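One structure is given below, encoded as structure tokens.
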Amino acid sequence: MDAESLRQRVESGEDIHTEFKAAPVHPDDIAAELVAFANTDGGELIFGVDDERHIVGVSEADSLMRQVDNVAYQNCEPPITVVQETVSTPEGLVVVVHVAKGEMRPYRTRRGDYFIRTTTGRRRATRQELQRLFQAVESLFFEDTLVLKATTKDIDFPAFARFRQVVVGEVEVDDEQMMLNWSLLQHHAGKVHPTVGGMLLFGREPQRFLPYAYVSVARIPGTDTSSPPSDAKSVEGNLFDQLEDTARFLRIYLPSPHRIHGFEPETQPEIPEEALREFIVNALVHRDYTLSSPVRVFVLDDRIEVHSPGGLPNSVTVEMVKAGLAHVLRNPHIYTFFRRAGLVTDTGNGVRRAMRLVKEAVGAEPVFSEQGTETVVVVPRRTSSVESGGRLL
């Protein structure tokens, strides 16, 4: 771009393909602009022009260009390739950042925000727009998105080998090829990268790349979730680890009193194991991983709350879930691996059975609701419960 072309661009003003910035700019703002262009139709981010269309130049062009390169790689997921140039004008040096329409859409910032361009600037993408972006690149499910900053070194192959031995036995295919066959790894630009699903299921440290994919568990005395917790933990690791570690936390705070039956004592969990397993697994398997928030599990005196990021998918309603009439999968690969592990079934009746078990145990059914961007299950407890240790799952 030469000085005359720049001046004509400035005179035309900002549009869907053009954004002006007067440096300095916060890295989060740069990342948002790059993501918006890459998710839409590409364009130019021009530094050294203010909002009134005055060319003001930049003081340290080299430093700014290094910052943009770093933000494009470190603060955008997947990383975005940009081409930069400088244009000399009488008012000063202008930096033009060319952003192409991305081949790996949708892109998001490191904070987990998806932006698109409009004729008046940028805005966060709606859920419907995100779905169209996934469909446009033949990646309808977010779990199939590549984690380009991760490699096969970030996969726990021994854990995967143990899993495949149980579910398929001996097969003359190595672990990496098996993961490729099962769409947990994919080739891109001559390299092999994990998908989001592959990282969540068998990653060594999934939270390095997906920092919001964990379970926040808390014991909160009383009945008000705004009260300070007496114990709280962030449960990390792969999804199977998160299930087991969440169960361990709940074992501490849900009583399992012993009852004498014949000559032998037997434990009687306050809330049936099968019901709680259903609600926890559902929160992990069916949550919306495009949202930058964790699954949350609260143990209060009168109830347990399980908060799963994301509303119910498509046209599914709470009534359909309770009646066992909905079996829509948001993360089909993750679901398939939990099914292979024997943790879910294909009948679609797990919620109905869990509701019945809870009602038989405590006299009231769980309550399902959509609250903002979360699906919430409230499991009632016996009002006379006294905390003690015991086994849950």
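Please treat every number below as a calculation from the coordinates, not as lab data. Predicted model, so just to flag it, every value in this text is computed and none were measured. Cβ sites come from the backbone with ideal geometry, for glycine too, and all protein chains shown count toward neighbours.
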* What nm distance separates the two modelled labels at Asp28 and Arg353, each placed 7 Å from Cα along Cα→Cβ? -> 4.5 nm
* Asked: Which of Gly310, Pro27, Phe279 sits closest to the plus end of the dipole of the chain, meaning its Cα is farthest towards the positive end, when Lys and Arg get +1 and Asp and Glu get -1 on the C-beta?
  -> Phe279
* Taking only Cα atoms and a 10 Å spring cutoff, compute GNM fluctuations for the chain and point out the largest among Ala341, Ala218, Ala275. => Ala341
* **Most positive-pole-ward Cα, Gly237, Gln165, His187, against dipole of the chain from beta carbon charges** => Gln165
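Calculated FRET efficiency, Asp231 and Asp51, Cβ-Cβ r, R0 41 Å, to nearest 0.05?
Values: r = 50 Å, r/R0 = 1.22.
Computed FRET efficiency for Asp231 and Asp51: 0.25.
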* Structure fact -> In Å, the C-alpha Rg and Dmax of the stretch 144-205 are 11.0, 33
* Asked: Hey, rough spin-label estimate for Ser59 and His98, points 7 angstrom out along Cα→Cβ, what's it come to in nanometres?
  -> 3.0 nm
* the chain - Rg (one decimal) and Dmax (whole number), Cα, Å -> 25.3, 96
* What is the spin-label model distance, in nm, from Val192 to Thr317 if the labels are put 7 Å beyond Cα along the C-beta direction? -> 4.7 nm
* To do: Can you grab the distance from the C-alpha centre of the stretch 36-52 to the C-alpha centre of the stretch 233-256, Å, no decimals?
  => 45 Å
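Given R₀ = 45 Å, what would the calculated FRET efficiency be for Glu244 paired with Glu170, taking r from the Cβ atoms and rounding to 0.05?
Values: r = 26 Å, r/R0 = 0.59.
Efficiency, rounded to the nearest 0.05: 0.95.
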* In debye to the nearest 20, how big a dipole does the chain give about its Cα centre with +1 on each Lys and Arg Cβ and -1 on each Asp and Glu Cβ? -> 1240 debye
* **Fraction of antiparallel bridges per DSSP, the chain only, in percent to nearest 5** => 85 percent
* **Electrostatic dipole magnitude of the stretch 144-205 [Cβ: Lys, Arg +1; Asp, Glu -1; Cα centre; debye, to 20]** => 220 debye
* Asked: If you build a Gaussian network model of the chain, linking Cα atoms that sit under 10 Å apart, which residue out of Asp51, Asp288, Asp69 swings the most?
  -> Asp51
* Asked: If r is the Cβ-Cβ distance from Asp69 to Thr126 and R0 is 30 Å, what FRET efficiency results, to the nearest 0.05?
  -> 0.50
* Asked: If you put +1 on each Lys and Arg Cβ and -1 on each Asp and Glu Cβ, how big is the dipole of the stretch 1-138 around its Cα centre, in Debye rounded to 20?
  -> 680 debye
* Structure fact -> Rounded to the nearest 5, the percent of DSSP beta bridges in the stretch 3-126 running antiparallel is 85 percent
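Check each of the trypsin sites (Lys or Arg not before Pro) in the stretch 62-118 and keep only those in coil by DSSP with at most 16 other C-beta atoms within 10 angstrom; list them in order.
Working: sites: Arg66, Lys101, Arg108, Arg110, Arg111, Arg117; in loops: Lys101, Arg110, Arg111.
Here the trypsin sites (Lys or Arg not before Pro) that fit, given the DSSP loop and packing criteria, are Lys101, Arg110, Arg111.
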* Potential extension, Ser12-Ala341 segment - 0.36 nm per residue separation minus Cα distance -> 112.5 nm
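Using only the alpha carbon atoms of the stretch 3-126, find the Kirkwood hydrodynamic radius as the inverse mean reciprocal pair distance, in angstroms to one decimal. If you can, show how the numbers build up before the last one.
Values: mean 1/r = 0.0706 Å⁻¹.
Over the stretch 3-126, the inverse of the mean reciprocal pair distance is 14.2 Å.
Please work out how much length the chain gains when fully extended from Arg251 to Asp41, using 0.36 nm per residue of separation minus the C-alpha to C-alpha distance, in nm with one decimal. The partial results should precede the final answer.
On the way: separation 210, 0.36 × 210 = 75.60 nm, distance 5.14 nm.
Using 0.36 nm per residue and subtracting the Cα-Cα distance, I get 70.5 nm.
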